[in-house]
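Chemist: Questions regarding the structure given below will be posed in turn.
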């Protein structure tokens, strides 16, 4: 079981995260939703050790990750929102670097890299440096890097960004298979249809606080909504964009 307990992050003039708690069971994909600035990225940065919390705890199987950060990172796979890579390297070179940092044995690592690149449709491009890759191709390299050490917990921040239809379908199938193998997955995405189809439960943030959580079906029923997107709009106080859209069209209308 993975859990965050009463996470709070305060800056001098703003509270970015305010008493946030949730847990992820083995085999579960948890959707983590919220508008820009709601606290999603802050949560992920705290979990991955990039930012310290002002208060609260992150726990893996009941043990605080602060007690042994290297051991926790060894059980964590992370796909960030922006695919920042050493773009002067080829994909195999980058994955080889990640694998060696993770302490993976060389011969086994080489076999893993070859298989992953082939299955992610990157084999043909693996001889070129990643500076020539599209965003979707770089995203697939990051997915491969996150899986190399067979982590227990996967943190995925907008992993479908830049993927074409085939790669998106492959990633969906991959996440389902990982969950079936007992992995714990935190999925942050703005694609409501993806979250609704993949996630057993969702947590919705607004202004740093949890404003709704539960199964997509339960949230839709409680809010008398037809879709998770409608629930999201209600609990995060999204405006009715009809008037703004009409004003935009009026502004560009030719006399």
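Chemist: Going by alpha carbons, how many degrees (0 to 90, nearest 10) lie between the helix axis of 91-101 and the longest principal axis of the chain?
Modeler: Between the helix axis and the principal axis of the chain, the angle is about 80 degrees.
Chemist: Using the Cα gyration tensor of segment 133-255, with a ≥ b ≥ c the square roots of its eigenvalues, what is the shape: rounded (a/c below 1.5), prolate (a/b larger than b/c) or oblate (neither)?
Modeler: Values: a/c = 2.60, a/b = 1.42, b/c = 1.82.
Oblate shape, in that a/c is at least 1.5 and b/c is the bigger or equal ratio.
Chemist: I would also like to ask the following. Taking the 0 to 90 degree range and rounding to the nearest ten, how far is the long axis of helix 106-119 tilted relative to the main principal axis of the chain, both from C-alpha atoms?
Modeler: Long axis of 106-119 versus the principal axis of the chain: about 50 degrees.
Chemist: Just to be sure I understand the model, the point goes 7 Å from the Cα along the line to the Cβ. What's the resulting residue 238 to residue 67 distance in nm?
Modeler: 4.2
Chemist: A follow-up question, please. Just grab the label-to-label distance for residue 115 and residue 50, each label 7 Å out from Cα along the Cβ direction, in nm (one decimal).
Modeler: Once both label points are built, they end up 3.0 nm from each other.
Chemist: Another question about this same structure. Normalised by the number of residues in segment 85-150, what is the relative contact order in percent for Cα pairs under 8 Å and 6+ residues apart?
Modeler: Values: 54 pairs, mean separation 33.0, N = 66.
After rounding, I find 50 percent.
Chemist: In addition: Pull out a ≥ b ≥ c, the square roots of the eigenvalues of the alpha-carbon gyration tensor of segment 42-109, then state rounded if a/c is under 1.5, prolate if not and a/b is larger than b/c, and oblate in the remaining case. Intermediate results must be reported in sequence, preceding the final value.
Modeler: Details: a/c = 3.50, a/b = 1.63, b/c = 2.14.
Cα axes put segment 42-109 in the oblate bin.
Chemist: Determine, from the Cβ-Cβ distance of residue 19 and residue 250 and an R0 of 51 Å, the FRET efficiency 1/(1 + (r/R0)^6), rounded to the nearest 0.05. Show your work: numbers first, answer last.
Modeler: Details: r = 44 Å, r/R0 = 0.85.
Step by step, r from the Cβ atoms, then E = 0.70.
Chemist: Shifting gears a bit: Suppose a student asked you for the relative contact order of the chain, using Cα pairs under 8 Å spaced at least 6 residues apart; what percent would you report? Don't skip to the end; give the middle numbers.
Modeler: Values: 412 pairs, mean separation 67.2, N = 255.
It rounds to 26 percent for the chain.
Chemist: Continuing with the same structure: Run lengths n ≥ 4 of DSSP H only: what is the helix-derived mean residue ellipticity at 222 nm for the chain, with -39500 (n - 2.57) per run over all residues, to the nearest 500?
Modeler: -11500 deg cm²/dmol
Chemist: If you don't mind, another one. (1) 51, 38, 34; (2) 61, 55, 38; (3) 53, 38, 31: which one is Cα extents along the principal axes in Å as calculated from this entry?
Modeler: Matching the structure shown: (2).
Chemist: Would you mind checking the tilt of helix 242-252 against the longest principal axis of the Cα atoms of the chain, expressed as 0 to 90 degrees and rounded to 10?
Modeler: Rounded to the nearest ten degrees, it is 90.
Chemist: Which whole-number percent is the relative contact order of segment 1-55 (Cα, under 8 Å, 6+ apart)? Numbers along the way, then the final one.
Modeler: On the way: 70 pairs, mean separation 20.6, N = 55.
Over segment 1-55, the number comes to 38 percent.
Chemist: Another one. Counting DSSP beta bridges with both partners in the chain, what percentage is antiparallel, nearest 5?
Modeler: Values: 20 of 37 bridges.
Restricted to the chain, the bridges split so that about 55 percent are antiparallel.
Bear in mind that the values in this text are calculations on the coordinates, not laboratory data. Predicted, not measured: the structure shown is a model, and the values here were computed from it. Here Cβ is always computed from backbone atoms with ideal geometry, including for glycine, and neighbour counts include all displayed protein chains.
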